[in-house]
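Note sheet for the following structure.
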Amino acid sequence: MTQGKIAFVLWADRFDEALAALFVAELRKAGLRVKLVSLASQPSSGAYGLTLVPDLTLEQALPLVGQASCVVIPCGAAGLKRLKNDPRLQEFLVQAHSAGATFIVHQSGAADLEQCAWPFASKPEPVVYTDGEDALGAVRRVVG
């Protein structure tokens, strides 16, 4: 990944907080600039009840999205389905894709990407993970 770029980890209700924390920690450990981005205006609790404090709201992240090196979506298909009708998120994802960002998604959500009109359903294909251990491998493939 290029210096000065930003890795964005998206955060919303019922996302997997363990995976979000893993992605943020591993990307930062690799020396990358990472921002946890809240998709809601109020605090959001993860799938297991833990509330994470985001670095930015989606509105604050939009002006920075041209610097995106990667976008991590730490949820499965159900989380993606809830998000696909959000026009702010659509704009964010289109701009991140235009910036050449790599997308990291759960396997259950990857299949759903192909059914959506989202830009990252096309090439390059997203980096896909299946569980916590595989998520670590996904991060290492991106920063490696």
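The values are calculated or read from the model by the stated rules, or taken from the named source; none is laboratory data. Computed from a predicted model, the values in this text were never measured in an experiment. Here the Cβ is made from the backbone with ideal geometry for all residues, glycine too, and neighbour counts use every protein chain on show. Ligands, DNA and RNA are stripped out before the accessible areas are found, and what is left, the full protein with its side chains, is counted by its heavy atoms. Shrake-Rupley method; radii C 1.70, N 1.55, O 1.52, S 1.80 Å.
Annotations for the structure displayed:
- Condition met for residue 26 (of a type in the set (D, E, K, R) and open to solvent by less than 60 Å² (accessible area, probe 1.4 Å)): yes
- Qualifying positions in the range 47-58 - closer than 24 Å to residue 69 by Cβ and part of a loop (DSSP other than H, G, I, E, B): 52, 53, 54, 55
- The range 37-62: number of residues that are within 15 Å of residue 89 (Cβ to Cβ) and at pLDDT 90 or above: 10
- Restricting 40, 18, 61 to residues that are assigned to a helix (DSSP H, G or I), in contact (Cβ under 8 Å) with a residue 24 or more places away in the chain and open to solvent by 10 Å² or more (accessible area, probe 1.4 Å) narrows the list to 18.
- Just one residue in the set 95, 107 is at pLDDT 75 or above, closer than 18 Å to residue 8 by Cβ and surrounded by fewer than 22 Cβ atoms within 10 Å (Cβ to Cβ); that residue is 95.
- Among the conditions (1) in contact with a Lys or Arg (Cβ under 7 Å, 6 or more places away or on another chain); (2) among the charged types (D, E, K, R); (3) closer than 18 Å to residue 23 by Cα; (4) modelled with pLDDT under 90, the only one that residue 140 does not satisfy is (1).
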